[in-house]
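A.B. asks: Dropping a structure here in structure tokens format, bear with me for questions.
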Amino acid sequence: MTLVFQQILNGFVVGGTYALFALGFTLIFGVLHVLNLAHGAVFMWGAFVGLFTVTSLGLPLYVAFIAAMLAAGLISVLVDLVAFRPLRARGSPEFAAIISSIGVAQILMSLAQIASQTQVYRFPFGTFPIVFYNVLGLRISLQQIVIVASVVVLVALLLGILFATSFGRQIRAVAISERTAALLGISVSNIHGLTFFISGALAGAAGVIIGIAFNSVHFLMGEPYLLRGFVVIILGGLGSITGALAGGLIFGMVQTLSIAFLSSALSDAILFGMMFLILLVRPSGLFGALHRQVRVVRQ
Amino acid sequence: MLEVTDLATAYDGITALRGVTLRVPTGSMVAIVGPNGAGKSTLLNTISGVLRPHAGTVRFDGADVTRLPAHKVARLGLLQVPEGRQILGPLSVEENLLLGRLARGARAADGTADDLDAVFSLFPILAERRRQEGGSLSGGQQQMLAIGRALMGRPRLLMLDEPSLGLSPIMARQVFDALATLKARGQTILLVEQNARRALASTDFAYVLEQGRIVQEGPSAALASDPRIISHYLPETDLSTS
Ligand SMILES: Nc1ncnc2c1ncn2[C@@H]1O[C@H](COP(=O)(O)OP(=O)(O)O)[C@@H](O)[C@H]1O
Ligand SMILES: [Mg+2]
């Protein structure tokens, strides 16, 4: 029984990182109504920036964390400028934006491949102190505690920005109606840029956390996360903030539990099966209708 | 204050405005009346920068604003209350109002609380409902919210697109009373209305728009007694609702 709880705990931590990744993904969908398939590449670049800040610059981890968030945020804005804005200006269909974001993702990955010489990098030993605690018979690492704490802080920050600042109000206004927002004096393209920045910063944070947790940073690391992020936001409801959170946690737990008690080969089948099931019975996602006020998607 | 000259706008090649010329002097209240599909909303949206004209100019306070993007037009104080009110439904009444303040831009950065109070004293129901979702209000209350939201931006020219559309006669009267109050305070207003009787009764000057063209213009009182206007736009049945 302790083993089950241990796995649930581990799944919760992993799920938190999925949630972090998925939040930025769902935010862009909620506001711009497009899927940013370069989100995984932005995440990967965040991990690299965090890694190089530690290894090449010798700076402490928290600096690396902030650097990764800023850099990934800016790269994400670049993705908007290159992949999305020109198409929007021409009024191209949303499908075109999906294709062009795949293109930008490929470019970002090629650049990372060149910069990393196709190697897998690790954070140097001792970057994160290895400490374990025993709580009620469960083994909890300091790393897990810090991961959960960072996810909680970042989610609180995101919610604070969205629901308690003027910028957040403007983001939600643009998500609901671009024309009305513009008539109110809101620069829709600036708000899009801001949305991409926030989304990228969250991906950058997720990149560093996952790079440390799995002690591996490489140019392809974004791809599996993009796919998982996709499942997560479909589970939770496209554009839903609470949905991304809950979807991430569910995904992490189901994955961890099925790897621990069934087989790792089956875990993907179970997760994608779950996605198909949701698409069949509740295409709007688990949290589609429940959290209308937290949902940032266009009505 | 507003000078529109030979303005022409098309949707994918289909012309909706064919050379519209009109002016709104500072402090006046001007009406544009005309049947459904005449191009009234197209005209306001072209002035607002939501639509691009293919010919003509829009000048606001002497400055050419013809091809300015909508948010910049709004920030100059040329504010539109769009057709159908366009309340941001999931946002609270207060959030809708606070968003309206953005249009004020650099013109006057201070005094949010005062402006909220001013809107609440014009529309007390909004103060009672300030924490509710905008989308939960009745049609008339949403219209008040839309007008209040525009007022938060301290409009130099307030343009309203069919503010009485879909409202009960009582609600429509309340909205028109509010407009009269604003006019008395010196607010410059451009009012688009299908309900010609009410529009002509509350404005100084009016233009009649038909099929994208101004077909008649003159002081509102004069138009209201013009037999041609009466037969086209002021049918008997209108009496019961006004
Ligand atoms: N988005 C649009 N696309 C194509 N045609 C439009 C669009 N909006 C309006 N129109 C056409 O333009 C003309 C004027 O419409 P509109 O400005 O909405 O008239 P009004 O506001 O006076 O009722 C109508 O013939 C209408 O069918
Ligand atoms: Mg109209």
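The values are calculated or read from the model by the stated rules, or taken from the named source; none is laboratory data. Quick caveat: nothing in here was measured; it's all calculated off a predicted structure. Using ideal geometry, Cβ is built from the backbone for each residue, glycine included, and neighbour counts are taken over all protein chains shown. For accessibility, only protein heavy atoms count, side chains too; no ligands or nucleic acids. Shrake-Rupley method; radii C 1.70, N 1.55, O 1.52, S 1.80 Å.
A.B. asks: When residues of the stretch B:63-85 are filtered for being within 13 Å of ligand 2 (Cβ to nearest atom), surrounded by 20 or more Cβ atoms within 10 Å (Cβ to Cβ) and part of a loop (DSSP other than H, G, I, E, B), how many remain? Spell out the reasoning first.
C.D. replies: From the stretch B:63-85, those within 13 Å of ligand 2 (Cβ to nearest atom) are B:80-85; that's our starting set.
Now restrict to residues that are surrounded by 20 or more Cβ atoms within 10 Å (Cβ to Cβ): B:80-82, B:85.
Filter once more, keeping what is part of a loop (DSSP other than H, G, I, E, B): B:82, B:85.
Of the residues in the stretch B:63-85, 2 are within 13 Å of ligand 2 (Cβ to nearest atom), surrounded by 20 or more Cβ atoms within 10 Å (Cβ to Cβ) and part of a loop (DSSP other than H, G, I, E, B).
A.B. asks: A further question on this structure: Can you name the number of the only condition in (1) among the aliphatic types (A, V, I, L, M); (2) within 16 Å of ligand 2 (Cβ to nearest atom); (3) modelled with pLDDT of 95 or more that B:ILE14 fails?
C.D. replies: (3)
A.B. asks: Which residues, counting only those in the stretch A:140-195, are hydroxyl-bearing (Ser, Thr, Tyr) and surrounded by fewer than 16 Cβ atoms within 10 Å (Cβ to Cβ)? Explain how you work it out, then say what you get.
C.D. replies: Filtering the stretch A:140-195 for residues hydroxyl-bearing (Ser, Thr, Tyr) gives A:141, A:150, A:165-166, A:177, A:180, A:187, A:189, A:195.
Residues satisfying the conditions are A:THR165, A:SER166.
A.B. asks: Residues to consider are B:ALA70, B:ALA8; find the one that is within 14 Å of chain A (Cβ to nearest Cβ) and in contact with a Gly (Cβ under 7 Å, 6 or more places away or on another chain).
C.D. replies: Details: B:ALA8 fails: within 14 Å of chain A (Cβ to nearest Cβ).
So the residue among B:ALA70, B:ALA8 that is within 14 Å of chain A (Cβ to nearest Cβ) and in contact with a Gly (Cβ under 7 Å, 6 or more places away or on another chain) is B:ALA70.
A.B. asks: Filter the stretch B:160-202 down to residues that are within 16 Å of ligand 2 (Cβ to nearest atom), in a helix (DSSP H, G or I) and among the acidic types (Asp, Glu), then give me how many there are.
C.D. replies: Total satisfying the criteria: 0.
A.B. asks: Here is a follow-up. Report yes if B:LEU43 is hydrophobic (A, V, I, L, M, F, W, C), in contact with a Gly (Cβ under 9 Å, 6 or more places away or on another chain), open to solvent by less than 10 Å² (accessible area, probe 1.4 Å) and in contact (Cβ under 8 Å) with a residue 40 or more places away in the chain, otherwise no. Explain how you work it out, then say what you get.
C.D. replies: Values: hydrophobic (A, V, I, L, M, F, W, C): yes; in contact with a Gly (Cβ under 9 Å, 6 or more places away or on another chain): yes; open to solvent by less than 10 Å² (accessible area, probe 1.4 Å): yes; in contact (Cβ under 8 Å) with a residue 40 or more places away in the chain: yes.
Taking the combined requirement at face value, the residue satisfies it.
A.B. asks: Further question: Could you tell me whether the stretch B:14-36 includes any residue that is within 16 Å of ligand 1 (Cβ to nearest atom), under 25 Å from B:ALA199 (Cβ atoms) and part of a helix (DSSP H, G or I)?
C.D. replies: no
A.B. asks: Go through the stretch B:46-62 and count every residue that is out of contact with any helix residue (DSSP H, G or I) (no Cβ under 6 Å at 6 or more places or on another chain) and either among the polar types (S, T, N, Q) or surrounded by 15 or more Cβ atoms within 10 Å (Cβ to Cβ) (or both). Walk me through how you get there before you give the answer.
C.D. replies: The first filter runs over the stretch B:46-62 and keeps only residues out of contact with any helix residue (DSSP H, G or I) (no Cβ under 6 Å at 6 or more places or on another chain), leaving B:46-47, B:52, B:54-57, B:59-62.
The next check asks that each one be either among the polar types (S, T, N, Q) or surrounded by 15 or more Cβ atoms within 10 Å (Cβ to Cβ) (or both); those that pass are B:46-47, B:56-57, B:59-60.
Of the residues in the stretch B:46-62, 6 are out of contact with any helix residue (DSSP H, G or I) (no Cβ under 6 Å at 6 or more places or on another chain) and either among the polar types (S, T, N, Q) or surrounded by 15 or more Cβ atoms within 10 Å (Cβ to Cβ) (or both).
A.B. asks: Tell me which residues, restricted to the stretch A:79-97, are buried (at least 17 other Cβ atoms within 10 Å of the Cβ), within 13 Å of A:PHE197 (Cα to Cα) and among the aliphatic types (A, V, I, L, M).
C.D. replies: Matches in the stretch A:79-97: A:VAL79 only.
A.B. asks: OK, next. What are the pairs, 6+ residues apart or on separate chains, where a residue within the stretch A:171-200 that is without any contact (Cβ under 8 Å) to a residue 12 or more places away in the chain has its Cβ under 6 Å from a residue that is of a type in the set (Lys, Arg)?
C.D. replies: What qualifies is A:GLY185/B:ARG75.
A.B. asks: Let me ask something else about it. With more than 30 Å from A:PHE163 (Cα to Cα), surrounded by fewer than 23 Cβ atoms within 10 Å (Cβ to Cβ) and either within 16 Å of ligand 1 (Cβ to nearest atom) or more than 14 Å from every other protein chain (Cβ to nearest Cβ) (or both) as the only criterion, which of B:GLY218, B:GLY139 stands out? Show your work before the answer.
C.D. replies: Details: B:GLY139 fails: more than 30 Å from A:PHE163 (Cα to Cα).
None of the others qualify; the one that does is B:GLY218.
A.B. asks: Any chance the stretch A:206-216 includes a residue that's surrounded by fewer than 24 Cβ atoms within 10 Å (Cβ to Cβ), within 14 Å of chain B (Cβ to nearest Cβ) and in contact (Cβ under 8 Å) with a residue 12 or more places away in the chain?
C.D. replies: Narrowing the stretch A:206-216 to residues surrounded by fewer than 24 Cβ atoms within 10 Å (Cβ to Cβ): A:213-216.
Those left that are additionally within 14 Å of chain B (Cβ to nearest Cβ): none.
There is no residue in the stretch A:206-216 that is surrounded by fewer than 24 Cβ atoms within 10 Å (Cβ to Cβ), within 14 Å of chain B (Cβ to nearest Cβ) and in contact (Cβ under 8 Å) with a residue 12 or more places away in the chain.
A.B. asks: Residue pairs, Cβ under 7 Å, 6 or more apart or interchain, first in the stretch B:22-40 and away from chain A (no Cβ under 14 Å) and of a type in the set (Phe, Trp, Tyr), second within 10 Å of ligand 2 (Cβ to nearest atom) and open to solvent by 60 Å² or more (accessible area, probe 1.4 Å). List them.
C.D. replies: As it stands, the answer is none, since no pair meets every condition given.
A.B. asks: Here is a further query. If B:LEU122 satisfies all but one of (1) more than 16 Å from ligand 1 (Cβ to nearest atom); (2) open to solvent by less than 20 Å² (accessible area, probe 1.4 Å), what's the number of the condition it fails?
C.D. replies: (2)
A.B. asks: Something else about it: Within the stretch B:31-62, can you find the residues that are more than 16 Å from ligand 2 (Cβ to nearest atom) and either in contact with a strand residue (DSSP E or B) (Cβ under 8 Å, 6 or more places away or on another chain) or at pLDDT below 95 (or both)? I'd like the intermediate steps shown before the answer.
C.D. replies: First, pick out the residues of the stretch B:31-62 that are more than 16 Å from ligand 2 (Cβ to nearest atom): B:49, B:52-62.
Within the stretch B:31-62, B:ARG52, B:PRO53, B:HIS54, B:ALA55, B:GLY56, B:THR57, B:VAL58, B:ARG59, B:PHE60, B:ASP61, B:GLY62 qualify.
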